[in-house]
Amino acid sequence: MPGAKTRIASAPAGWANRITVIRVLLVPLFVYLMYSSAPGAAAAVFTLAALTDWLDGYLARASADVTRFGQFMDPLADKLLIGAALVALVQLYRFPLWAAVVIAVRELVVSLFRSVKLRGGYSIPASSSGKIKTAIQVPMVLVWLLPRSGIIQTAQDIAVYLVVALTLWSGFRVMTRVR
């Protein structure tokens, strides 16, 4: 809510944090379904988990109940979900390894950067570029669960390059935002 005061608490209470924990718990189910040759069910679980990302953020802002737990766990939950998807896609769907490595390295570097800055007294919440990156990664994963042929293959290839570009751009934005 614009102009609303946000309380930052350290305790992992509230619905937003519970939903974030549910997203983390959905990751092993998603992985199990991916390796069980159930891409439709895996896509449904992945979509549900992605929707919880939007929902927990909305609830935290609407109730002005932002917690340090949520600020830490929400991006971690995103990384676990997308990371698990990339590993499975590389192994099962011929997703380009180079793209998965670029995405993983960006996430690692940004996480380490955030950790160092946090120790120095700076908090780096999720940025709009990071949120856009995550929002584009979700449909990319879903399109990669489709059979790789024809127009779908073209969409998959475009999605990879778009996500890699946004991943690098958002990483650059985080690194240059805080000195």
Dipole-positive endmost among 147, 72, 85 within the chain (Cβ charges, Cα centre)
72
How tilted is helix 15-35 with respect to the longest principal axis of the chain? Cα atoms for both, answer in degrees (0 to 90, nearest 10).
20
Nearest-0.05 FRET efficiency for residue 153 and residue 92 at R0 = 22 Å, using Cβ-Cβ distance, is 0.90
Can you compute the FRET efficiency between residue 128 and residue 38 using 1/(1 + (r/R0)^6), with r the Cβ-Cβ distance and R0 = 30 Å? Round to the nearest 0.05.
0.30
Checking the a/c ratio against 1.5 first, then a/b against b/c, what shape does the Cα gyration tensor give for segment 5-112?
oblate
Inverting the mean 1/r over all pairs of different Cα atoms, compute the Kirkwood radius of segment 132-179 and quote it in Å.
11.6
Can you tell me, using C-alpha contacts under 8 Å and at least 6 residues apart, the relative contact order of segment 58-179 as a whole percent?
29
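Readers should treat all values here as calculations from the given coordinates under stated rules, not as data from a laboratory. Since the structure is predicted, the reported quantities are computational estimates derived from the model, not experimental observations. Here the Cβ is made from the backbone with ideal geometry for all residues, glycine too, and neighbour counts use every protein chain on show.
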